[in-house]
1. Convert each backbone phi in region 101-106 into a coupling constant with the Karplus relation 6.51 cos²θ - 1.76 cosθ + 1.60 (shift: θ = phi - 60°), then list the ³J(HN,Hα) values in order as whole Hz, x for Gly and Pro.
2. Where the accessible area of region 74-127 is counted over protein heavy atoms with a 1.4 Å probe, how much of it, in %, is carbon and sulfur?
3. Calculate the FRET efficiency for Tyr35 and Leu152 from the Cβ-Cβ distance with a Förster distance of 22 Å, rounded to the nearest 0.05.
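The values are calculated or read from the model by the stated rules, or taken from the named source; none is laboratory data. Keep in mind it's a predicted model, so treat the numbers as computed, not measured. Every residue, glycine as well, gets a Cβ built from its backbone with ideal geometry; the counts of neighbours run over all protein chains shown. Calculation scope for accessible area: heavy atoms of the full protein, side chains included, ligands and nucleic acids excluded. Shrake-Rupley method; radii C 1.70, N 1.55, O 1.52, S 1.80 Å.
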Amino acid sequence: MPGDNDIGGEDGEYISNSNVRRFEESFQNEDLFDYENMLRFFKINRMMLDFSNPDREHNAQRLRVGISHAPILIGGGPLLRSVLSELDPHVIFSGHWHESRIFIHPSTHVVNFYESTVRHFDLRSLKEKEHQYLEIMVPTASYRMGKMKMGLGYAVLGELIIIN
């Protein structure tokens, strides 16, 4: 996902069309990606207030994963309402702050996640029984972002999500 370090937007810099095109030519430019008819990944561009959902009728058959550079669940506003109503994601992965966080919506509960432990989330139960949305903020893996401690994580996606 393009972010402020990729296409503009950092420190008042304009987001330029040429930077957006360059990023899309170098990386995957699909807004929707299916994996084996089980997972559906959606790009959510918070910087441009944009996402697309060209295949709505097949969403319910898949585990839906939102991918965003900037956090979605804590932002509020029309983009959040549209993402929740149109994409209805089981989980969202984001970055931007270069920290590890777990957001649960609609509560304002934020978990700072610094431990090297495994967390389990039952995505279907969170969504269908508890009517909650989950966002996992992934830390930076780049020394250029001004963080003394860098981090990596991985997720195993299925009915249950496991992060470490």
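1. After applying 6.51 cos²θ - 1.76 cosθ + 1.60, I find 9, 10, 10, 10, 10, x Hz.
2. 55 percent
3. According to the calculation, E is roughly 0.60.
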